[in-house]
Structures are given as C-alpha cells and as structure tokens.
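Below: one structure, written as structure tokens.
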C-alpha cells in the first residue's frame, strides 16, 4: 500500500472557515504545507531485483491531486477505484483526492544504480511540493525504496 497525502499545519476547522469564507470568492482551496508518502518523508520498502510487485496507491489528501512516477520503470495499471480494468502501461499516473490505483511494477534486474519514485502535487505554486523516494539496490540482492 502506498499512500499520497497533503499535509496542512493548520487544523481543519480553520482551513474550512477560510475556504468557505466570503473573503475567498474564487473558492481557492487551502494550499498544503507538505507532501507525504505513507504519512512520512522517510520511508523504506524492500524489494527484489527482477520481481513484479503490485502497489495499491491511494491519494488520501484533502484537496490536492498528485502525479506519481517511478524513474525508469513502467507501471501496468490493473485497477482504478476498486474496478479491475484492462491492463495499460503508463510512465506516470495522476490521482485526484480520494482516487485509487493498483499497478504492477517489475523491478530492474541490475543493481548498479538507484531509481527515484516521485509524488508531485498538482498545485499552482513555485516550486511545487513533491515527495521523492529512491529505489536503492543493495549489494545483498534487495532493492530499497527510500524517501529523501
């Protein structure tokens, strides 16, 4: 399971009050303070080279959509929002708040380099919030996903 979320340093009642206020006539959503994967920015997941894994991914954020990609790896989408679908390959997926995907990813067979995977919020902000993780190929034939 891989969760993506937006993290606000303010409590929900205050966020909702400003969001629904007459002083916010455009209905602009509150801007999060950070992006998280699995509620952290320091995560490690061990995997084996050449093995295929299914990642169940959910954007459990309040407002922000997020893009997700795994560097030099292709995702095979097999399920969207609880409905199995005809498999489709993608290099990047977009998850709106509350949306779920299941993807299959076959790990690289070589262990000579590391690969990032990134969740990047869809915000009009410079620079955008993102949460970057890393596939680390250990010398003992295992790969680690690590958030930087």
Task: Checking residue 136 against (1) modelled with pLDDT of 90 or more; (2) not in a loop (DSSP other than H, G, I, E, B), the condition it does not meet - done: (1)
TODO: Have a look at 97, 28 and point out the one that is at negative phi, in a loop (DSSP other than H, G, I, E, B) and crowded, with 16+ Cβ neighbours inside 10 Å.
DONE: 97
Open item on the list: crowded, with 18+ Cβ neighbours inside 10 Å, closer than 28 Å to residue 9 by Cβ and touching a residue at least 12 places away in the same chain (Cβ under 8 Å): is that true of residue 66 in this structure?
Closed with: yes
Task: Residue count for the range 100-111, restricted to those that are closer than 11 Å to residue 73 by Cα and assigned to a strand (DSSP E or B) - done: 3
Task: Qualifying positions in the range 69-94 - in contact (Cβ under 8 Å) with a residue 60 or more places away in the chain and surrounded by 17 or more Cβ atoms within 10 Å (Cβ to Cβ) - done: 70
Task: the range 34-48 - residue that is modelled with pLDDT of 85 or more and assigned to a loop (DSSP other than H, G, I, E, B) and, of those, farthest from residue 73 (Cα to Cα) - done: 39
Task: Hits in the range 13-43 (condition: more than 22 Å from the chain's Cα centre (by Cα) and in contact (Cβ under 8 Å) with a residue 12 or more places away in the chain) - done: 15, 18
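The values are calculated or read from the model by the stated rules, or taken from the named source; none is laboratory data. These numbers come from a predicted model, not from an experiment. Because the Cβ atoms are built from the backbone with ideal geometry, glycine has one as well, and the counts that use them run over all protein chains shown.
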